[in-house]
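Data first, discussion second: the structure below is written as structure tokens.
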Amino acid sequence: MRMSKLFARTLREAPSEAEVVSHKLLIRAAYIRKLMAGVYSWLPLGWRTLRKVEAIIREEMDASGAQEVRLPIILPADPWKVTGRWETYGELMFKLKDRHEREMGLGPTHEEAVTPLVAGEFTSYRDLPVNLYQIEWKYRDEFRPRFGLLRVREFLMKDAYSFDRDEEGMRASYAAMVEAYRQIFGRCGLDYRVVEADPGQIGGDVNHEFMALAPIGEDEFVYCENCDYAADIEAATSRPPEPAADGELEPATKIQTPGRSTIQAVSELLGRPASALMKCILYDAGGRSVAVLIPGDREVNDDKVARAMWPAPVRLFEDEDFAARGFVKGYVGPQGLPADVTIIADHSVRAGRNWVTGANEVDHHVSGANVDRDFRVDRWEDVAQVRLGDPCPRCEGSLRLAKGIVVGHTYQLGTRYSKALKATFVDEDGTEQPYQMGCYGIGLPRTIAAVVEQANDEAGIKWPKALAPYDAVVIPTNMDVPEVVDAAERLYGELGSSGVEVVLDDREESAGVKFADADLIGYPLQVVVGKRGIQAGKVDLKVRATGARTEAPLDGAARSAKDLLGAAP
RNA sequence: CGGGCCGUGGCGCAGUUUGGUUAGCGCGCUUGACUGGGGGUCAAGAGGUCGGCGGUUCGAAUCCGCCCGGCCCGACCA
């Protein structure tokens with residue numbers, strides 16, 4: 001490709017709306033252009049990179065034994081109503097009607113389409129397992145598209161669906177997908193972690209997020225400094241502390257704490273650390289009051305409380321709730337709470353005793369409060385937000401915090417969709433069984449953005465070879481010197497015919513402009529042909545990722561270039 | 001949707017508070033010259049319904065109302 005013809009006009013400045021580096025660079029380097037909020041056009045450079053990711057995914061999915069299909073983007077509403085997602089997906093789904101007023105939606109994901117498809121074809125246990133995947137555009141009417149390609153309303157997604165006879169088969173299919181994902185993201189050059197994720201409202205199903213490490217990532221997760229434990233912050237647990245050793249129990253004493261309704265205030269008044277205080281946080285779970293106990297220096301993880309009380313909907317107490325149910329905001333304690341209040345204590349409460357906590361009376365706290373003697377605990381649960389430095393649940397290491405971008409998500413669905421959609425096969429014993437399903441997604445634009453977030457510098461993108469739109473650019477620096485132009489043309493031809501995807505920057509631009517664009521666009525290799533070099537029979541080679549520059553003789557420069565490319569990341 | 005901010009040539013911005021004649025600047029674009037190893041210099045140009053509609057006024061980018069679009073902060077996800 002000749003740069004003079006390439007549909008790519010780079011920008012010296014990024015649009016003001018671009019906040020994160022991947023967004024700025026992909027716009028500036030002419031990979032994408034915005035059409036409207038969360039919807040982007042893919043320019044030739046961007047499209048080539050997208051196709052490369054697609055090819056990697058296709059290869060690895062095929063290698064895993066999955067079969068590619070192509071499901072419609074426009075979907076009938078009915079199956080979605082059957083599974084309940086027409087409502088629960090709600091406004092996230094683009095919905096429309098045809099001329100006959102039939103309801104349909106644009107596919108945000110395809111369980112409702114693929115499940116009936118399989119159920120109509122593979123009806124015997126002998127047919128299973130089967131794993132179908134597609135790479136297709138998905139539509140989600142996000143509340144807030146942002147960060148360029150990281151959160152968009154139209155995006156290319158690889159989605160796969162496995163169908164197994166039993167749970168064991170499902171787990172095997174799942175493991176195969178996780179392995180395929182490792183291959184895929186490894187080939188994309190991503191620094192990522194496989195993270196245990198929150199099963200959310202769906203239930204206790206196993207699922208993992210593939211988290212590309214990035215400080216601007218919207219998802220926080222913990223990982224062990226020592227072993228391979230990693231989990232989304234919503235799902236993370238830490239090893240419960242050892243129970244407090246037996247020791248003297250102080251008498252429970254009511255103390256005056258006028259105007260001290262916060263942990264910090266009480267801590268300061270009494271001169272005791274926050275960890276010696278016990279918070280008593282109140283929730284409403286479907287009309288029932290729930291008191292959650294946790295040391296004063298820790299935070300409750302609302303998602304964990306919600307999971308503990310599932311399926312009741314859980315919400316934090318609002319100001320009205322306190323008075324209405326006889327609690328004193330700021331002075332709540334577990335002592336003497338009526339039986340209809342469920343008291344949940346985090347495991348970390350076991351580690352302490354002689355707690356200072358609310359006295360359920362304005363301006364008063366209690367000190368020396370102890371489990372069983374002074375208050376009951378109905379359930380011990382893990383409801384604490386994991387913190388930096390907490391002990392790993394799997395080993396002796398401690399946990400660290402990081403942020404990431406979810407580029408892939410794998411899920412053991414079980415029979416959630418097959419049951420709802422009455423998708424069954426006939427098992428060996430002649431009974432009808434719902435499929436054991438798994439689903440597996442990868443967001444391709446987001447993967448590209450994540451790679452750019454990880455591989456860039458002030459000058460631009462530093463693509464790993466596998467994703468770069470072209471392998472190399474040939475830059476003649478002196479367009480008025482025929483020998484330079486000729487040599488560049490010759491090299492361009494040689495590289496092209498030896499299988500290198502190469503661009504010739506044949507524009508009547510100064511060398512500086514060409515260098516800047518080459519760095520910005522991020523070709524893994526730059527081949528510079530200049531007046532001085534030609535006179536000495538040499539060209540210069542620069543590896544973008546490392547910045548390493550070398551000289552090579554003009555004759556055989558194509559060979560040197562290929563060698564350098566072969567060694568490049 | 002709730003809260004905050006913003007719409008002025010392709011991009012980045014000034015001008016709006018205090019209404020006033022031809023609406024400016026940088027980048028980019030066109031033509032020419034000089035240049036030519038890190039976004040070079042000079043000269044001459046092109047390009048704007050000031051987001052839209054309505055109102056106030058002798059006069060509106062500027063004041064008022066409604067609408068549209070965008071960005072940031074919260075709940076969702078690949």
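Can you tell me which residue in region A:514-560 is farthest from A:Glu453 (Cα to Cα), limited to those that are polar (S, T, N, Q) and part of a helix (DSSP H, G or I)? First the steps, then the outcome.
Start the filter on region A:514-560 by keeping residues that are polar (S, T, N, Q), which leaves A:526, A:535, A:546, A:550, A:560.
Then keep just the ones that are part of a helix (DSSP H, G or I); that gives A:535, A:560.
Working: A:Gln535: 40, A:Ser560: 30 Å.
Residue satisfying both the conditions and the ranking: A:Gln535.
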A:Gly217, sole failed condition from (1) crowded, with 19+ Cβ neighbours inside 10 Å; (2) assigned to a helix (DSSP H, G or I): (2)
For A:Phe425, only one of the following conditions fails: (1) open to solvent by 10 Å² or more (accessible area, probe 1.4 Å); (2) touching a residue at least 24 places away in the same chain (Cβ under 8 Å). What is its number? (1)
Conditions (1) farther than 20 Å from A:Cys439 by Cβ; (2) open to solvent by 30 Å² or more (accessible area, probe 1.4 Å) -> A:Tyr139 fails only (1)
Can you run down the residue pairs with Cβ atoms below 8 Å, 6 or more apart or on separate chains, where the first is in region A:407-418 and without any contact (Cβ under 8 Å) to a residue 60 or more places away in the chain and the partner is surrounded by fewer than 22 Cβ atoms within 10 Å (Cβ to Cβ)? A:Thr415/A:Pro434
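Can you name every residue in region A:500-527 that is open to solvent by 60 Å² or more (accessible area, probe 1.4 Å) and away from RNA strand B (no atom under 15 Å from the Cβ)? Let's see the steps before the verdict.
If we filter region A:500-527 for residues that are open to solvent by 60 Å² or more (accessible area, probe 1.4 Å), which is where we start, we get A:501, A:508-510, A:515.
Result: A:Glu501, single match.
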For A:Arg446, indicate whether it is more than 10 Å from RNA strand B (Cβ to nearest atom), open to solvent by 10 Å² or more (accessible area, probe 1.4 Å) and of a type in the set (D, E, K, R). no
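Inside region A:281-302, can you point out the residues that are outside any loop (DSSP other than H, G, I, E, B) and either within 16 Å of A:Asp363 (Cβ to Cβ) or open to solvent by 60 Å² or more (accessible area, probe 1.4 Å) (or both)?
So the first thing to find is which residues in region A:281-302 are outside any loop (DSSP other than H, G, I, E, B), and the list is A:281-285, A:288-295, A:300, A:302.
Result: A:Arg288, A:Asp302.
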Those strands (runs of 3 or more DSSP E) completely within region A:1-118 that have 3 or more residues that are more than 26 Å from A:Glu458 (Cα to Cα) and of a type in the set (A, V, I, L, M, F, W, C) are none
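Here are A:Phe147, A:Phe155: which of them is on the phi > 0 side of the Ramachandran plot, open to solvent by less than 50 Å² (accessible area, probe 1.4 Å) and within 12 Å of RNA strand B (Cβ to nearest atom)?
Values: A:Phe155 fails: on the phi > 0 side of the Ramachandran plot.
Answer to the selection: A:Phe147.
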Step by step: first the residues of region A:529-546, then only those that are touching a residue at least 40 places away in the same chain (Cβ under 8 Å) and closer than 15 Å to A:Asp471 by Cα, then the one that is most open to solvent (accessible area, probe 1.4 Å). Which residue is that? A:Ala545
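Quick check on A:Thr10: is it open to solvent by 10 Å² or more (accessible area, probe 1.4 Å) and within 18 Å of A:Asp519 (Cβ to Cβ)?
Numbers: open to solvent by 10 Å² or more (accessible area, probe 1.4 Å): yes; within 18 Å of A:Asp519 (Cβ to Cβ): yes.
So A:Thr10 passes the test.
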Residues of region A:453-489 being within 11 Å of RNA strand B (Cβ to nearest atom) and assigned to a loop (DSSP other than H, G, I, E, B), in sequence order, are A:Glu458, A:Ala459, A:Thr477, A:Asn478, A:Met479, A:Asp480, A:Val481
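Going through A:Arg373, A:Arg394 one at a time, which residue ends up being basic (Lys, Arg), in contact with a Cys (Cβ under 6 Å, 6 or more places away or on another chain), at negative phi and modelled with pLDDT under 95?
Numbers: A:Arg373 fails: in contact with a Cys (Cβ under 6 Å, 6 or more places away or on another chain).
Only one candidate passes the filter, namely A:Arg394.
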Considering residues of region A:503-513 that are outside any loop (DSSP other than H, G, I, E, B) and free of Cβ contacts under 8 Å to residues at least 60 places away in the same chain only, the residue farthest from the chain's Cα centre (by Cα): A:Ala511
Kindly check whether there is at least one residue in region A:38-52 that is more than 16 Å from RNA strand B (Cβ to nearest atom), over 22 Å from the mean Cα position of the chain (by Cα) and either within 30 Å of A:Met437 (Cβ to Cβ) or open to solvent by less than 10 Å² (accessible area, probe 1.4 Å) (or both). no
Can you tell me which of (1) on the phi > 0 side of the Ramachandran plot; (2) open to solvent by 40 Å² or more (accessible area, probe 1.4 Å) is the one A:Asn456 doesn't meet? (1)
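The values are calculated or read from the model by the stated rules, or taken from the named source; none is laboratory data. None of these values were measured; they are calculated from a predicted model. Cβ coordinates were reconstructed from backbone atoms using ideal geometry, including for glycine residues, and neighbour counts include every protein chain displayed. These area figures cover heavy atoms from the full protein model, side chains too; ligands, DNA and RNA do not enter into them. Shrake-Rupley method; radii C 1.70, N 1.55, O 1.52, S 1.80 Å.
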